[in-house]
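Take a look at the structure set out below.
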Amino acid sequence: MDDVARSVADGRPALLRTALLLTGDRTTAEELVQRALTRARRRAGDPGSAVLASVVRGTTSRWARLGRAEQVIETLPDPFRPAAAPDQGPDLAGALRDLPPRTRAVVVLRWHDRLPDTRIAGLLRCPVAEVAAEAARGLAQLGPALAPSAFERAVPDVPAEQRLADQLTQLTRLADAPGAWRLDPAAAVADVQTRRTGIRRRLAGTAVAALAVVGVAVPLARWAPDPPPTTATAPSPAPAAPTTPAVPSVPVLTGPTRGSLAGDAAFLDAVRSVGWGAQEAPPPADREVVFAADTPHGRVALVVGTVLEDFRGVWLTGPDGAAAADLAPHLPVQLGRDRPLALLLGGPGDATLVVVAAPGDAVAVSERLMTGPRGTVGRTYTPLDAADGVAVVPARTTRAGSAVSVRVQRDGREVYRSAADWLGAGTLQAAPVTGLSPLRPGTPPADGHLVDAALLDVAVPLGVEPAGLQPDLLWSAEVDLARGTGRVAVLVAHSPGGALVVTTWAGVGSGAVSCGVQTPPGTTDVSTLTVARICDVALPGLGQTDDGRWLVVTAPPAAASAQLLGSRGQLLRPLPLTDGGTVVPMTDGARSVRTLDAAGRSLSETPIAPVPTAPFGDFGAGPAR
């Protein structure tokens, strides 16, 4: 076992328990630990101390605190919150989450990790006296959650501190359960190695760039003669670090035919001769029928073949019992010989999901994106009975689209996760949402096309029609762009799971692009929301332009002005707020926005949310490799 594998195996379980208590959700905790393990090797001193310090600072630093306003991603239901009886009183998990970050860190490090105050002071970079004060404050605030419930016998001889330590240990038992984390030990080692390799490559690229600059500035330095050869023996190269074996690539879309019609030789012969629409197809004798079946929503076949070394295929669909000649062709998305495929038949409303994977693959489906009242967002996947790698199960769609995501695992590792193709996509239109009045005074009405695009983007993954989101127009504005007048809209939707969904969109003419989504807790007063987002109006959705990136800010009526702050909290520029917000060109190095009242007093500081790197919905990007 090399040093990386040993450090991950020895330190990761305890770090995950601590990080879970510090953050309150598994995904954030796991990401903090992976980052800390990646960085530890590059620091001097005790690696274990460096890793723990990195985890602690990841939850207590200024930017970590600001970042709490962003969307929290975790798998629902929340495993950190144990089920409570109606009269059980406050639960410790919730009470711990409500503590200020530094107070929570002191509580966890003192009563769970059993660290002395001097060590905690070093981790938090504060005086020992401050640690003692935070500990007393935390113990007092957690007092109601430590009282015995109605189902427990009161034990007066157990001090509150001991009861707290015991209950913290109980909360972290989920961290040791099989499957509690996204990465198993082997995958965690591989992830750390991959991250470190990426860091080394970036550093090497920086060094090469620096050498190139030197080569341009002092070209005469390059002709110096090479040093004479030396007889010293070169050191042996270090052995390569072991890596986790790659998931084997196996043919997925190949024969023999699977499905309920696999034994109908006459139908299979006929379906090989059906036209593929405008796509050039291989000769019928060279085509393979991968799947053929009758489903509750019609007959379907998947036929593939190769034309000039180009792998091609087509779904053929029609009514139940239809002849092969009556089936209509549909081109699959992300087609590949070793890639699973998923198709939705029927809808809107009741539908049938067809998944074709490799024999032996584990197939699971997520019906829709789930949200929780605290603003948590994630997907849960239900295993399907996939005999021979094929699953045919009931599903649902809305007029707006399909919320379904399909996941395929092989040898315990994910090889595919993506939305399912729906034949009804683009053929139906959800009822437009009209009559949205701006919540903030002075806001002009939003462009209807922009509102429809924004609500559709949120409604589809949540599995509801746009009108079911009970949306509000928080703020909108016009902005002068190179190609004319652009528009920005910030909308607030109410998700089925209880969280608010705040989405920001920009548009010019008929083009529109998402600037990102946030999910505050459902109890948030909408009138108090401050939004600070980057909108990249040069993205393909709006066409070619030199307009670049813009900062969109909207704040409550109490905010008379705002300030743009840098990474160290320094003032970069003032931001005038007109009619509840502003849209200005993005300033390099800006990290947050501070709002001020009419007297110049600070109201809040909000981190600037970056341009999203993935669409809202967490459908997956297809093949994992």
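For every residue, the table says whether it meets (1) at pLDDT 75 or above; (2) open to solvent by 20 Å² or more (accessible area, probe 1.4 Å).
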position	(1), (2)
Gln141	yes, yes
Ala147	no, yes
Thr169	yes, yes
Ala175	no, no
Ala186	yes, yes
Val192	yes, no
Quiz item: How about the stretch 383-407: which of its residues are at pLDDT below 95, β-branched (Val, Ile, Thr) and in a strand (DSSP E or B)?
Solution: Thr397
Quiz item: Is it true that Thr380 is among the hydroxyl-bearing types (Ser, Thr, Tyr), assigned to a strand (DSSP E or B) and touching a Leu at 6+ places or on another chain (Cβ under 7 Å)?
Solution: no
Practice problem: Determine if the stretch 509-517 includes at least one residue that is surrounded by fewer than 17 Cβ atoms within 10 Å (Cβ to Cβ), more than 23 Å from the chain's Cα centre (by Cα) and of a type in the set (S, T, N, Q). | Solution: yes
Exercise. Would you check if there is a residue in the stretch 424-437 being hydroxyl-bearing (Ser, Thr, Tyr) and part of a strand (DSSP E or B)?
Key: no
Practice problem: Determine which single condition Gly581 fails, assuming it passes every other condition in (1) within 21 Å of Gly486 (Cβ to Cβ); (2) open to solvent by 50 Å² or more (accessible area, probe 1.4 Å); (3) of a type in the set (Gly, Ala, Ser). | Solution: (2)
Quiz prompt | Checking Gly463 against (1) of a type outside the set (Lys, Arg); (2) within 24 Å of Gly349 (Cβ to Cβ); (3) open to solvent by 50 Å² or more (accessible area, probe 1.4 Å), the condition it does not meet | solution = (3)
Exercise. Could you tell me which of the residues Asp447, Asp457, Asp452 is among the acidic types (Asp, Glu), within 19 Å of the chain's Cα centre (by Cα), farther than 30 Å from Asp184 by Cα and surrounded by 17 or more Cβ atoms within 10 Å (Cβ to Cβ)?
Key: Asp457
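Name the single residue that is nearest to the chain's Cα centre (by Cα) among those in the stretch 587-625 being aliphatic (A, V, I, L, M) and closer than 30 Å to Ser418 by Cα.
Of everything passing the filter in the stretch 587-625, Ala614 is nearest to the chain's Cα centre (by Cα).
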Quiz item: From the set of residues in the stretch 547-563 that are crowded, with 16+ Cβ neighbours inside 10 Å and more than 15 Å from Arg601 (Cα to Cα), which is farthest from the chain's Cα centre (by Cα)?
Solution: Asp547
Quiz prompt | Asp350 among the acidic types (Asp, Glu) and within 19 Å of Ala425 (Cα to Cα) | solution = yes
Exercise. Would you be able to tell me the number of residues in the stretch 469-490 that are open to solvent by 20 Å² or more (accessible area, probe 1.4 Å), modelled with pLDDT of 90 or more and part of a loop (DSSP other than H, G, I, E, B)?
Key: 1
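The values are calculated or read from the model by the stated rules, or taken from the named source; none is laboratory data. The shown structure was predicted, so the numbers you read here are calculated from the model rather than taken from an experiment. Neighbour counts are summed over all protein chains in view; Cβ atoms, including those assigned to glycine, are modelled from backbone coordinates with ideal geometry. Surface accessibility is based on the protein's heavy atoms, side chains included, excluding ligands, DNA and RNA. Shrake-Rupley method; radii C 1.70, N 1.55, O 1.52, S 1.80 Å.
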